[in-house]
1. How large is the dipole of the stretch 213-319 about the Cα centre if only Lys and Arg carry +1 and Asp and Glu carry -1, each at its Cβ, rounded to the nearest 20 debye?
2. Which value in deg cm²/dmol, rounded to the nearest 500, describes the helix-derived mean residue ellipticity at 222 nm for the chain, given -39,500 (n - 2.57) per DSSP H run of n ≥ 4 and division by the residue count?
3. Under unit Cβ charges (Lys, Arg +1; Asp, Glu -1), what dipole magnitude, rounded to 20 debye, does the chain have relative to its Cα centre?
4. With N set to the number of residues, divide the alpha-carbon radius of gyration of the stretch 147-224 by 2.2 N^0.38 Å and report two decimals.
5. Once you sort the root eigenvalues of the Cα gyration tensor of the stretch 248-293 as a ≥ b ≥ c, which label holds: rounded (a/c under 1.5), prolate (a/b larger than b/c) or oblate (the other case)?
6. I'd like the orientation of helix 98-108 relative to the chain: the angle between its Cα long axis and the longest Cα principal axis, in ° from 0 to 90, rounded to 10.
7. From zero up to wherever the largest Cα-Cα distance of the chain sits, split into 20 Å bins and tell me the percent of pairs in each.
8. So, in the stretch 20-165, how many Lys pairs have Cα atoms under 22 Å apart, if the pair is 8 or more places apart or on different chains?
Amino acid sequence: MKRVLITGAAGFLGSHLCDRFINEGFYVIGMDNLITGDLKNIAHLFKNEHFEFYHHDVTKFVHVPGNLDYILHFASPASPIDYLKIPIQTLKVGSLGTHNLLGLAKAKNARILIASTSEVYGDPLIHPQTEYYYGNVNTIGPRGVYDEAKRFQESLTMAYHNFHGLETRIVRIFNTYGPRMRLNDGRVIPAFMGQALRGEDLTIFGDGNQTRSFCYVDDQIEGIFRLLMSDYHLPVNIGNPNEITINDFAKEIIQLTGTDQKIVYKPLPENDPLQRQPDTSLAKKILNWEAKTDRKTGLQKTFDYFKTLSAEELQKEEH
Ligand code: NAD
Ligand code: UDP
């Protein structure tokens, strides 16, 4: 049985990766310190004899007994309100944490995939963003702690590839959504859906003309799986190129949720990117992958998940 270590296993993407690798017949070792994750995301796996969980902070030395074939490093706060609340841990998990996992991969002779992000492009000056764009990041802005940790993570990963010959993969993930997102993580989809469920007005930051391109989680996981199994070591964008303004997106949410709440406008957070759309032609070419789930279907599945949450979970504050 092939053995895979997944860090950030109790988080949104990590938990879906655990499910996917279990279903593919792997032995899965999940690792998480639960700083932004929740054990309930993987509770259904605890009875599975092919799954084990380590409660561990990956910025500390990482020890895993036995052999490992693959490592997927997904541990990191991922939403702006999380990484603004815990900026130093964010920098540490991208730098020290990545260093520990690259060292572990080298010691175990395992192939490692690193979760990078569209945020390496910052507030982009070219549109859509291809992997060849170097980015426009404010190192000292509030988002710098996340963006620069991820940029350093990519550089360190390439250094291990070039210097040690390690088998590495780098995925640049664009805004992904779906069941198991935290309702109070501040990202726009849980924010709007939570507001609709609580009967509150929907908050748009700025004038709402900024754009995002939202990818459903099942498509994202498929892209990541294919990249891991490919022989391509340079960064690859995985996301859905269907771009929408936040204004139009709020209207879609109002229609989907049937809420009769209003839209209210609040100040745009500093360095909030104005446009974001992945160019996914590289993923299409080398992985024969493209996003398949349309927004209506993906949002409905996500809303159905949020509707199952208890009244207590629904009321938890964002900040
Ligand atoms: P998440 O917050 O749901 O999951 C992250 C998990 O990592 C959490 O369970 C958290 O407890 C864990 N973690 C954080 N620091 C840790 C540490 N030091 N040691 C061990 N565990 C730690 O976020 P997510 O959306 O699932 O994101 C997962 C990864 O994907 C992150 O690396 C993120 O940067 C990347 N990513 C996500 C998106 C997206 O749209 N969801 C976009 C771009 C990149
Ligand atoms: N946003 C918003 N209202 C909210 C939460 C977010 O208008 O309640 C905006 C946010 O300013 C950004 C976009 O929605 O322009 C996407 O935000 P998110 O945090 O989901 O992702 P990111 O900015 O990291 O791409």
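Coordinate-derived values only; no laboratory data. The structure displayed is predicted, hence computed values, not measured ones. Counting neighbours? That spans all protein chains shown, and the Cβs are built from the backbone with ideal geometry, glycine included.
1. About 260 debye.
2. Using -39500 (n - 2.57) per qualifying helix, the result is -11000 deg cm²/dmol.
3. Using only the charged Cβ atoms, the result is roughly 560 debye.
4. 1.51
5. Taking the square roots of the gyration eigenvalues as a ≥ b ≥ c, the stretch 248-293 is oblate.
6. The two axes meet at around 40 degrees.
7. Percent of pairs per bin, in order: 33, 60, 7.
8. Lysine pairs, 8 or more places apart or on different chains, close enough: 9.
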